[in-house]
Every structure is written in C-alpha cells, then in structure tokens.
Amino acid sequence: MKPDDTLAGEMQRRGVSRRAFLKYGSYIASLMALPPSAVEALAEGLAAARRQSVIWLSFQECTGCTESLTRSYSPTLENLIFDFISLDYHETLMAVSGEAAEEARRAAMAANKGKYIVVVDGSVPMKDGGVYATIGGKTNHQILEDTVKDAFAVVAVGTCAAFGGLPKANPNPTGAVAISTLVAGKPMINISGCPPIPEAMTGALAYILSFGKLPELDHLSRPKAFFGETIHDRCYRRPYYERGEFANAFDDAGARQGHCLFKVGCKGPVTYNSCATTKWNGGVSFPIQSGHGCLGCSEPEFWDQGGFYRPLSTPLGAMGPALAGAALAGAALGVGAALSARSHQKHYLASLDKEKEKE
Amino acid sequence: MTAKTTASGAAYDVQGDRADTERRDAAMQAFVRDFARTAAIHMESCLRCGMCANACHFYVTTGDPKYTPINKLRPFEQAYHRHIGPFAPIYRLFGLKSNVSIEMLQEWESLIYDGCTLCGRCTLACPMGIDISELIKEARHGMYKAGLVPDRLELMDRTAKAWGSPASPSEDFADIIRDAGEEHGVPMNIDLPKADYVVTVAPAELTEHTKALSDVAKILNKIGASWTYSTEGFEASNIGYINGDLPLQEKMTRKIIDNAIRIGAHTLILPECGHAYGAARWEAARWYGKKLPLRIIHMTEFLAELVTSGRIKLKKMGETTCFHDPCQLVRRGGVTEAPRAVLKGLGLDLTEFEDHGELAWCCGGGGGVVSNVRADPLRFKAFSIKRKQVEDAKTQHFVTACGQCRITLTLGAKHDKWDQKVESLLELVADHLED
Amino acid sequence: MELLAFARGPALTFSLAIFVLGVVWRLVGVLALPPWHDYSPPREGAPPNWLAAIRAVFRKMIPHKTFLKDGMFTTINGYVFHFGLAIVVFLFVPHIVLIQSLFGVSWPGLPNGVITGVGGLTAASLLGALAYRLTSPVLKLISRPNDYISWLLTFLPVATGLAATAHVGLRYETMLALHILSVCAFLIWFPFGKLMHAFLFVLSRGATGIRFGHRGAQL
Ligand code: SF4
Ligand code: SF4
Ligand code: SF4
Ligand code: SF4
Ligand code: SF4
C-alpha cells in the first residue's frame, strides 16, 4: 500500500495540514466526549485510516438523510471524509445507473468481503411480499439480506432506517420495519434523527475508522456520545422551564422572549439527540433556538405521539366520548345498585308486615 | 336470658331461644332497613383517621382501641357494604364482603350498648362529619332484633311494654303525683280532660327525684297556666329509642303525643331528660309522617322562656356554679343557650368547663349505660373526666338539666366516695321563685 | 417511547373512563337511596338546609381545639400532604397542561424547584402517615386493606414523579411513563376506595350539617 493511501495523506494532497487535521480529530473526539487519553488515539487513528469501502442502500426514504449528510453549508472536513471513504454504491450520488450500478455493488461486495460497511437509509416494506419498493426487480428486503451477508457492520442512518420512521407511521400501509429487525447477528449502529445530525454520522464513522470497532451504544443501538442526553437536558431554554415561564403560542410574548416551548408541544424532555449541543448547519442553530419545539425526531414512533403541537403531558387519545360513555354507564350502574338496595329494604319491610299480621 | 362471654372475653346477653342464624338474619335485615341516604353517605365516607377515638370518653379513659367510635360500627358497616352500598351487587357476586357472623354480633353487643352513650362527641371530632352516634343508635335496631341486648336494658324494655313506663305501672302514676303534691305542698293537676300544657315525666322522677314533679307544678301554677299530668301519656323517656326497639319507640312516642293531642294541648313539656328530648322533639313526627299539631319542648327550654320573658321572677342566688351539658339536649339537641339563660336568671355565676356546650364531655351514663349494671366499671372510669372538670372549676354548685345525667353523676361521685351534690336546674328555679 | 405512548394513550383513556364511571356510579348509587324526611319543626332561626350544609363543609376544615390535643399529628400531617398534593397536582405546569387539555381551563403554575420541594415534603408526610397507621393501636385496629392500597397508590405517583424530575432510577421517558401509569392506577382505584373522600366529604359533612342545622346544634 502506498503511504499516501491514508486519510492524512489524502488531506495533505488537498492542502490540509497535518496539524489542522489532528485538530479536527480532537474536535470529533470532544464531540463524542471521549476521555483525553482517547483524543490523540482517535486523531492518530483517523490519520492512519485507510480507505474504507461503504455501500449505501436507500430504501423507503425521502433523501433527507443524504441531503443532511452531503449538503453541508460549506465544504467542510466532513465532506472530505465522505470523499475519502469509498462510496462504492449510492443510488443518489453515483453517476452510473441501472444494471451498471448493481454491478458496482456486487463488485465492491466481492472485493471487500467481510470488511465493507453497509449504510442504510429508509425502512423496508414487508407487507405483500415487499412489493412496495423494488430496485431492478428485487425487493428492498432481498437487497438488504444480500448486501448485509458479508458486511463488517451495518449503520442505519435516519429514523426511517433506525426505527421505521415516516413509512412506519400509523397506519403503516407498506408494513415498513426498521433495519435492525432484519439484520440479526451483525454489528449494528442506529444514527437516528429525521434527518440525523451530520456530525453524529461522521463521528460514528470516524470512530469506526480509527478504532476498527463500534462506539459505545445505548439500548436503541445509538452512539451514546450523540444520543446520551435529551434535548431538554442541554436545552438553553431549560431555565425558563424550571422557572415555569412558557410560551403559550408561537406568537405570544413568551415566545418572543424565548421562553420554554413545552406548552406548544416540545418533545425535548424525552428525545435523545445532540441538537442542543452540536446544533445544525455547522453549529449555527437548532430547532428550539429557531423558535420551534423539538418534534422528537430521533425517537421511535415520533410521528404517532398525537401531533407535534400536543404537549407531552397530555393524553394521546380523544377523551370526550370515552368519558361521556363512562359517565352514562356509571349513572346506570348507580341507579341499578340503588334499586337493588331498595328492593332489599322493601323485602325486609314486607317481612315486617307479615310479622305484624301474625300478631 | 343468659349471660355469656365471647372467645375474647367480652360479656354478652342473649334473649330468646332462636337459632344463631335466625338471629343473625334478623340483625342483618334490620341493619339493611336503616340505610337511608344520609346513613349511606356516612357509611361511605370514613377515612380511618382515628380522630373520633380522642373524642370518646370510653376510649380516652380506658385507652382500649376497641372503644374507637367507628370500630363500634363494624357489623353495621359490613351489612351496609354487602347489601346496600353502590358496589354491594359486586361484593355479593364475588363474595368480597362476607355476611356478618353471630360471633361478631355477640362480640359487638357490649361495644354498641355498654361502650356507647350515644353522646355524639365523636361526630364533632370526625373530619368527615360522619354522624357516628346516630349510626350506632341505628345499629342498635339490628341488635335488638337479634335478641342481643344487655339483659338489664331488655328488662326495662319488657317493663315498659307491660307498665307503660320502665319505672312504675301506669295505675300508680296518679298516686305518685298526688303524693309528691302533698309532700311538697303543691296543688297538682292530674288527668284533666282539657289543658294547654301536658307535662310528661322521666323514670328518675317517679322514684328518686319526685320533688321534680311538684317543682314543675309549682312553676306552672305560678304562671297560671292550664296544665295537667296524664295517666294516659306520662312517660317521656323512651326505652325503645335507647334499646333499638323501634316498635316500642313508636308505641311510647304515640302514647304521649296522641294523649296530648286528645287533651288539646298546644305544648307538650318534656321532663329534664336528654333522650326523651331526642325521641320526642326530633323523632316523634317520623311516626306520623307529617308535622305534628303541637309544640314539644324540653323543660329547660320552657324555663328559659319563662325567665327571659319575665313571666317568672327568680331570687338571685349570687353564687358560683358549673354546668354539665347533657349531650342529647345540648350537643345533639341544640339547646345550649337556654340553660345558661336560666342560670343567669338565678344569679348564678357560671364557670364554664374547658370543654363545654357542644364540646362537653358526656356524663358516661347516656344511651342506657347508666341502667346497664354490666357497664358500671366502664362508666365509673368515664366519670373521672367529669370529676376532674368539676374539681377544676371550684364552684359552689354543680348543676345539670337531665335527670339521667344527674343520676349518673351522683352514682359516680358516690362510687368515688366524693362528696359532690349534683343539682337540677328545674329544682333550683322552683326553689327560687319570687313570690 | 412505546411505554410512554401506551401510558399517555390507552392507559390514560381507560383509567380516566373508569374513574368517571366509578365516581358517578358511587355517587348516584348513594344519592338514589331513599331520602330521610324530617317532619320535626326546625329550631327557630335554623338556617336553610343548603346553608347549613355549606357551613358544615367549611366548619369541618378546622378541628375543634380540644380534639387537637391527641389528634395533632393526624391533623397537621393531614394538612401537609393534602396541601402538598394539591400544590403538586394543580400547580405543576405539565399537570396544568394536562388539565387544560381535558377541561379547557388553565392557570399559572409554580417554578419547578418549589414543586420539587413540596413534592419531597409531601412524600415525607405520606411516609409519616403510614408509619403512624402502622404503629398507632387505634389505627392498626380500624385500618383495612383499602387504607393501605389507597396510601400506596397515592404515594407512587409522588415518588415516581419526583424520581423522574430528579433523573434517578430508569431513563426519563420510562420514569415518566411509570409516573403516568401510577396515576392511572390511582385513578382506577379512586372511586372504589377511600380516595373517594375527595368527593364524599362534601356530602358527608353536608348531611350532618343539615341535621345539626335543623336542630340548631353546633358542629
Ligand atoms: S429519517 Fe427522515 S430524513 Fe431520513 S429518510 Fe426518513 S423521512 Fe427522510
Ligand atoms: S424548549 Fe423543550 S427542550 Fe427546551 S426546556 Fe423547554 S421543553 Fe425542554
Ligand atoms: S430538535 Fe428534536 S426534532 Fe429537531 S432535529 Fe433535534 S431531535 Fe429532531
Ligand atoms: S357517641 Fe359518645 S360514647 Fe358513643 S362512640 Fe361516640 S363519643 Fe363514644
Ligand atoms: S373520625 Fe371519622 S373519618 Fe376518622 S376514623 Fe373516625 S369516623 Fe372515620
């Protein structure tokens, strides 16, 4: 292997100094809250990393995830990393199409058997034999099984891939499922979010490239570094929440003064993601900072929490009919019980009368 | 009649020779009959907070938790939940509330009769306002039906049925009245065919306090009222009311009311007796199902009316006194100011007990407890509260307005070998009439 | 989020329905019993029944001094957890938001720090009540399973609520779900146990108030 086959070498060729590159390494490490000892290791590991074969599969998705990851606001090191990894197959990004594209995928799989990473965005339809999404006559499910078979690891990017997302939302017409339900036995990372934060994606990849293993994951297989805390935990509006100062509408005084958005439906308290710290668009802002509550986009079934503007502490269902019915039923039971009691009493009074007659 | 004890050592008496299940069913049915809306609300509401315990002289003086007022209602409660409460059908369906057992009723006999004077102090302590004493009174209906009543009370019941009074046969009444008149030199009216006021009496007045009979007469004569005693309806104390013998209660009430109506009286004067007031003033109309055409007032109310309206003038005594508020009259009857007005009229300077008026402690003998010899030890314990109150008051007189209280207090003092006279408001008024 | 969605969704709907059903059942079941007609003439100057009832409801809020001598703990502790529960339930903003979603009314809440403090005090007070119930001979004698179940189902929402805010125990969304589920259990039990006193106290005090008012007696 040529010495410049490494990431550092590639960077140098593009005019990025080794120093600058190591700085980037520590930035990633700090984003991931790695211990100081690991910072250098990551930077060094990243510098020495070699091209990694990646096969990107897109199933039932909206391309939002790809957009998020590739259309960063300015050319950044993230882009460079994407350039560096060998994207051997990506429907949206690759120039070739049709049979040629499928051929490229098969070639990459054969060449990197057991070493390539499969990145998936979108969920897989399972209903009716999976006919709702096919590529070249093959269902998503078939392609996934085929591709994953010889992979080193699977990365599900976006909530669709990680948890089913929009396609799986009620009533889930295509029988969409999360990738994790179909790839048992392979190392698996979920980078959830709709779309996910680019840094979460690159951070996870950088970690794998540097250390050759998966980063620490939470119970939903998300890297703890990016999904270890809730939006609410790190939200800069939190002091308002604690003081009980809330926006009641998007155009009221509270909203203008930047008060907490809980009452207008913010799901921050139960949403694990790093929007509040890493932010979006290169650290410019994040939804709450822009005045809108968190939708809970990195959590399973976030589409089905009764609406984005329904406060977290309210019931999901419509209560009216149930409660009215219950009240009626209760009244009927109450009257019934009282009648039964009265008949008990009458019975007794009748027996008293009989006694009197006897006398 | 046999005196027995339960496994836990509680004494109970049994009347009649019916089978246990029959007794139990009789009790259950009678319990069930009593649950009107108010009783049911109260049966639903207990918080098990225990506040009522601190109000009851029997708990306070024995420290025995079984005297906690709400505990005395256990069988009654069980009957309620099994047969009347809103969830009764469910309880029965799943067998969640068992039927009251005969053992339980036996065990509770002494709690319901010996251990409760129906004083109602617990009602004032209950944060939910549960009228516990009213419920205990109702629970007695079932106990009576079951034939599980203290023998002494049952004896009075039978005597009252036979004689028309638990103290003396009706035939003797006229003689007792005439004797009292002669003894105290007061002209008596007996069995007049028409009168405005009919005066009724309590058992104590037919035996120990016969002076009360002539005292009333003296006052009525003084104001020139048209009044009479009546052999046909003289006994105002209502042992049926106390024992839970509803037919007898009705009979005794009807007797005095019907008689007063026959005579054309506009007012029926009740004697210095608390339970008589409860039975007649508040419950008489229930037997008629309508408003009664005459006024029913307690002796104390009558005296207060005369004193405050100036129809009688009293010699001022200029001494100090304390006053025992009879529970049925004051706490449960609302006659709180009347006795105080009379004491004032007598020129007696009243030193109130720390707990007085509606909060007064019971004498310990109401609700038939004073007649129920089996309860004597318990009653004497309860008496200690009153004794301390009287001693702390340090007054020249100790007055009350209920003959039963007076007997209870006198007996208590005697048992304690404590030299303390208990005086009657009526007697004091009669003795201090200005000519 | 699945457990949370279950708690906020079917569990809450079901338990609120049971709550309404049970409360109506119990109230109607009692009120539809035959009334007691009192034909005795009221004492002169007796207040009308409705006034006597209302007066009794308020009069009974404060015990007579004489009953405090031995009932001090019960009374003060009772105040503490009743006020504590009322503050926590009705003045915590997320709760107000819930009430608003059900009934359309809302009011300002208190800062969370205050709520947490009051919640802690309430929990301590509830533990005190339990300890007293388990040690007082009177309470030991008169207590029923109802009392212990009601205690537990009152304590659990307080405990889970505090734990969720303090981030102790399981993950926040799970604690929140458990909190809501414990409230569901509370709601389901409410009409059938003694928690119902929150409604019954008006009837119970009122009924005695009417009886006493009629007689001109003091409560
Ligand atoms: S997760 Fe969101 S952005 Fe990504 S593919 Fe699904 S819908 Fe689109
Ligand atoms: S805006 Fe949302 S995340 Fe921020 S403090 Fe309020 S509820 Fe929490
Ligand atoms: S703030 Fe919430 S909804 Fe918005 S991107 Fe972040 S996790 Fe998703
Ligand atoms: S009525 Fe009096 S004696 Fe009976 S339980 Fe209540 S306080 Fe005790
Ligand atoms: S005071 Fe009232 S609520 Fe408390 S235990 Fe006694 S009866 Fe029940």
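The values are calculated or read from the model by the stated rules, or taken from the named source; none is laboratory data. Since this is a predicted model, take the numbers as computed values, not measurements. We place every Cβ from the backbone using ideal geometry, glycine too, and count neighbours over all the protein chains shown. Protein only, heavy atoms only, side chains kept; ligands, DNA and RNA dropped before computing areas. Shrake-Rupley method; radii C 1.70, N 1.55, O 1.52, S 1.80 Å.
Filtering the stretch B:142-159 to residues that are within 16 Å of ligand 4 (Cβ to nearest atom) and assigned to a helix (DSSP H, G or I) leaves B:143, B:153. Could you go through the stretch C:94-117 and let me know if any residue there is within 14 Å of chain B (Cβ to nearest Cβ) and on the phi < 0 side of the Ramachandran plot. There is no residue in the stretch C:94-117 that is within 14 Å of chain B (Cβ to nearest Cβ) and on the phi < 0 side of the Ramachandran plot.
Pairing each residue of the stretch C:131-158 that is in contact (Cβ under 8 Å) with a residue 24 or more places away in the chain with any residue that is within 16 Å of ligand 4 (Cβ to nearest atom), provided the two are 6+ apart or on different chains, yields C-beta distances under 9 Å for C:132/B:50; C:146/B:48; C:147/B:48. The C-beta contact set for the stretch B:102-120 (first residue small (Gly, Ala, Ser) and within 13 Å of ligand 4 (Cβ to nearest atom), second residue part of a helix (DSSP H, G or I) and open to solvent by 10 Å² or more (accessible area, probe 1.4 Å), distance under 6 angstrom, 6+ apart or interchain) comprises B:115/B:67.
Applying the condition of being open to solvent by 10 Å² or more (accessible area, probe 1.4 Å) and among the aliphatic types (A, V, I, L, M) to the stretch B:73-101 and asking which residue is nearest to ligand 4 (Cβ to nearest atom) yields B:96. Of the helices (runs of 4 or more DSSP H) lying entirely inside the stretch B:271-354, the ones with 2 or more residues being closer than 22 Å to residue B:370 by Cα and not hydroxyl-bearing (Ser, Thr, Tyr) are found at B:274-277.
Taking interchain pairs and intrachain pairs at least six residues apart, which have beta carbon atoms under 6 angstrom, with the first residue in the stretch A:230-243 and within 19 Å of residue A:297 (Cβ to Cβ) and the second open to solvent by less than 70 Å² (accessible area, probe 1.4 Å) and more than 12 Å from ligand 3 (Cβ to nearest atom)? From residues that are within 19 Å of residue A:297 (Cβ to Cβ), the pairs are A:237/A:260. Would a scan of the stretch B:314-336 turn up a residue that is within 14 Å of residue B:198 (Cβ to Cβ) and either free of Cβ contacts under 8 Å to residues at least 24 places away in the same chain or crowded, with 21+ Cβ neighbours inside 10 Å (or both)? No: zero hits.
Evaluate the stretch A:218-227: report whether one residue or more is buried (at least 17 other Cβ atoms within 10 Å of the Cβ), away from ligand 5 (no atom under 16 Å from the Cβ) and farther than 20 Å from residue A:65 by Cα. No, there is no match, as no residue in the stretch A:218-227 is buried (at least 17 other Cβ atoms within 10 Å of the Cβ), away from ligand 5 (no atom under 16 Å from the Cβ) and farther than 20 Å from residue A:65 by Cα.
Considering the stretch A:165-192, the residues that are in contact (Cβ under 8 Å) with a residue 40 or more places away in the chain and within 16 Å of ligand 3 (Cβ to nearest atom) include one that is nearest to residue A:55 (Cα to Cα), namely A:192. Among the candidates C:176, C:203, C:152, C:162, single out the residue that is more than 30 Å from residue A:299 (Cβ to Cβ) and more than 14 Å from chain B (Cβ to nearest Cβ). Every option except C:152 fails the conditions. If the condition is being part of a helix (DSSP H, G or I) and not polar (S, T, N, Q), then the stretch B:355-378 contributes B:357, B:358, B:359, B:369, B:370, B:373, B:374, B:375, B:376, B:377, B:378.
Listed conditions (1) on the phi < 0 side of the Ramachandran plot; (2) assigned to a loop (DSSP other than H, G, I, E, B) are all met by residue B:224, apart from (1). The set of residues in the stretch A:262-285 that are near ligand 3 (Cβ under 10 Å from one of its atoms) and more than 12 Å from every other protein chain (Cβ to nearest Cβ) comprises A:273, A:274, A:275, A:276, A:278, A:279, A:280.
Looking across the stretch A:33-44, the residues that are among the small types (Gly, Ala, Ser) and either touching a Leu at 6+ places or on another chain (Cβ under 7 Å) or not in a helix (DSSP H, G or I) (or both) come down to A:33, A:43.
So is residue C:65 open to solvent by 60 Å² or more (accessible area, probe 1.4 Å) and either out of contact with any Asp or Glu (no Cβ under 9 Å at 6 or more places or on another chain) or among the basic types (Lys, Arg) (or both) or not? When the stated conditions are applied, residue C:65 passes them. Among the residues making up the stretch A:262-273, a single one is touching a Lys or Arg at 6+ places or on another chain (Cβ under 8 Å) and within 16 Å of ligand 1 (Cβ to nearest atom): A:272.
Restricting attention to helices (runs of 4 or more DSSP H) lying wholly within the stretch B:19-136, give those where 1 or more residues are farther than 29 Å from residue B:405 by Cα, of a type outside the set (Lys, Arg) and more than 11 Å from chain C (Cβ to nearest Cβ).
Values: elements: B:20-33, B:37-44, B:57-62, B:74-83, B:88-94, B:102-112, B:121-125.
Those helices (runs of 4 or more DSSP H) span B:20-33, B:74-83, B:88-94, B:102-112.
Take residue B:14 and decide whether it is open to solvent by 30 Å² or more (accessible area, probe 1.4 Å) and under 30 Å from residue B:365 (Cβ atoms). Answer is no for this residue.
Within the stretch C:32-86, the set of residues being among the β-branched types (Val, Ile, Thr), under 30 Å from residue C:138 (Cβ atoms) and under 22 Å from the mean Cα position of the chain (by Cα) comprises C:57, C:62, C:74, C:75, C:76, C:80.
In the stretch A:149-214, counting only helices (runs of 4 or more DSSP H) that sit wholly within it, the ones holding 2 or more residues that are more than 16 Å from ligand 4 (Cβ to nearest atom) and open to solvent by less than 10 Å² (accessible area, probe 1.4 Å) span A:158-163, A:198-211. For the criterion of being more than 27 Å from residue A:24 (Cα to Cα), modelled with pLDDT under 95, more than 16 Å from ligand 4 (Cβ to nearest atom) and of a type outside the set (Asp, Glu), residue A:282 fails.
Given the criteria open to solvent by 40 Å² or more (accessible area, probe 1.4 Å), more than 10 Å from every other protein chain (Cβ to nearest Cβ) and more than 30 Å from residue C:217 (Cβ to Cβ), does residue C:88 qualify? The answer is no for residue C:88.
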